[in-house]
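Okay, structure first, notes after.
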Amino acid sequence: MLDRNEYWDCVEQAQQASLGGRGEEALEWLNEALRLNPLGAEAYNGKGEILWDRGLVDESLHEFGRALEVAPDYHPARLNRIEILIEEFQEHEEALQEGDQMLADRLEGPFEAEVYYLKAKALFYLDELDGALFLLRRAIQTHREVGVYRGFEGQILFELGRFPEAMRSLRQSQGLEPEVAHTLYHAALCIEHRGDYAEAERYFERASALDPDLYPQPVRISLDDFEAAANEALESLPRSIRRYLRNCPILIQDLPDAELIREASLSPQTLGLFQGTPVTDAGAASAVRLDVDQILLFKRNLEKVATSREQLIEEIQITAKHEIGHYLGLDEEEVERLGLG
C-alpha cells in the first residue's frame, strides 16, 4: 500500500539535500520516493533537475518525460522540458508549440507567466526580438515583477539598440535582485555604449566575479596591437585575393554606433561588418568604384569574446578574414569552406 506521507518525506529530504549541494544523496532520496510511488511525477522531475545541473541533458530530458507520462498536466515538468529544449537542444519551434499547448489550458498566474517568459526566450534565439519583447512584457503583466524577467527585458532592448530603455529595465532588475551576473553584464554593455568605459569595466568585473565561466573579463590590448593582428590576417591571404583589397580598407572602431545598429538592423555585439558592394557583383570589379567599400572591426566587442591575448589575436584574424570573404561576394558556407573564418 502506498504511504503518501512516506513518499513526501523522501521528496522533502531530497530537496533539502539538493539545496545543501548534496546531489548524490538527493538522487538516493528520490529513487526511494519512486520505489514507494512509481507514479511520483515530483520525484521524476526532481531527478531531471539534478541531472540537468550535472550537465546530463539527455538523461534529464528523459526524466522530465517520465514525469509527464505519469502526470501529463504536471506543470513544473512541462516547463522544465520546454526550457531544456530551448537552452540545450535549440529546438525553439518545438518549445514554442509546447508553450502554446500549455497556454491552451487554464494556468495559474505564475505558470502562465513562465510560459510567456520561455516563449520569449525561444523567439529571442530565433532573432524575433520584437515578439520576444512583447511576450516577456506579457509575463510581467500576468504575474508580478521578477528580477530575471526585467533582466531579460534589458537584454532584448539592448539587442534592439534601445540603450536607455535597456538600462532602465536592468536597474529595475538590480532593485529586485542586486547581484546577478547576467544583469550586471548587460548593464556593462549599455554603459559601454554611452561611452563610460571606466564604469563599464567595473560592471564587467562584478559580473565576472559572480560567474567567471559565463562572463569572463574582456581581454584588452592596444590599438597598435589590434591593427597588427588585422594586418597579419590580410598578409596571410594569397596575393590573388589581396589585390582586391586595395580599394577596401579595414577600419577599427570601438563599437558599432547607434545609427549603424538601427540602419543595418545590427546586433550591438557584432564583431565585424563589410559595407559596400561585393567585387563579384556586376561591374563591381571594374577599375573605377563609385561606392565606398570598407570592412569594420569592432575592437571592444572582439575583446569580449576572448579569454586570453592569444585567443583574441586569433578572433581578430578570423573576423577580418570572414568580412573579407563577404567583400569577395562569398556566402557564409563558402567563407567557411575556403577557411576565411
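Overview of results
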{"read-out": "Qualifying positions in the range 9-55 - more than 32 Å from the chain's Cα centre (by Cα), in a helix (DSSP H, G or I) and in contact (Cβ under 8 Å) with a residue 24 or more places away in the chain", "value": "Cys10, Val11, Ala33, Leu36"}
{"read-out": "Criterion: in contact (Cβ under 8 Å) with a residue 60 or more places away in the chain, surrounded by fewer than 24 Cβ atoms within 10 Å (Cβ to Cβ), among the acidic types (Asp, Glu) and in a helix (DSSP H, G or I) - qualifying residue of Glu192, Glu98, Glu112", "value": "Glu192"}
{"read-out": "Candidates Leu266, Leu260 - the one that is of a type outside the set (Phe, Trp, Tyr), touching a Pro at 6+ places or on another chain (Cβ under 8 Å) and either within 22 Å of Phe158 (Cα to Cα) or outside any strand (DSSP E or B) (or both)", "value": "Leu266"}
{"read-out": "Matching residues, the range 242-251, being closer than 14 Å to Phe274 by Cβ and either assigned to a helix (DSSP H, G or I) or among the aliphatic types (A, V, I, L, M) (or both)", "value": "Tyr244, Leu245, Asn247, Ile250, Leu251"}
{"read-out": "Qualifying residue in the range 159-167 (condition: among the charged types (D, E, K, R), surrounded by fewer than 22 Cβ atoms within 10 Å (Cβ to Cβ) and not in a helix (DSSP H, G or I))", "value": "yes"}
{"read-out": "Test: residue in the range 119-131 that is at pLDDT below 95 and surrounded by fewer than 22 Cβ atoms within 10 Å (Cβ to Cβ)", "value": "no"}
{"read-out": "Residue match in the range 207-221 (condition: touching a Gly at 6+ places or on another chain (Cβ under 8 Å) and in contact (Cβ under 8 Å) with a residue 40 or more places away in the chain)", "value": "no"}
{"read-out": "Condition check for Leu118: in contact (Cβ under 8 Å) with a residue 24 or more places away in the chain and either hydrophobic (A, V, I, L, M, F, W, C) or closer than 30 Å to Gly175 by Cα (or both)", "value": "yes"}
{"read-out": "Looking only at the range 218-257, and only at residues there that are more than 22 Å from Glu199 (Cα to Cα) and basic (Lys, Arg), the one that is surrounded by the most Cβ atoms within 10 Å (Cβ to Cβ)", "value": "Arg242"}
{"read-out": "Selection count, the range 146-158, where residues are crowded, with 19+ Cβ neighbours inside 10 Å and touching a residue at least 24 places away in the same chain (Cβ under 8 Å)", "value": "9"}
{"read-out": "Residues satisfying the stated conditions in the range 205-232, i.e. in a helix (DSSP H, G or I) and farther than 19 Å from Pro256 by Cα", "value": "Glu205, Arg206, Ala207, Ser208, Ala209, Leu210, Asp224, Asp225, Ala228, Ala229, Asn231, Glu232"}
{"read-out": "Pairs, first touching a residue at least 60 places away in the same chain (Cβ under 8 Å) in the range 162-188, second outside any loop (DSSP other than H, G, I, E, B), C-beta under 7 Å, six or more apart", "value": "Phe163/Cys190; Phe163/His193"}
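The values are calculated or read from the model by the stated rules, or taken from the named source; none is laboratory data. Note that this is a predicted model, so its numbers are computed, not measured. So basically every Cβ, Gly included, is an ideal-geometry build from the backbone, and we count neighbours across all protein chains shown.
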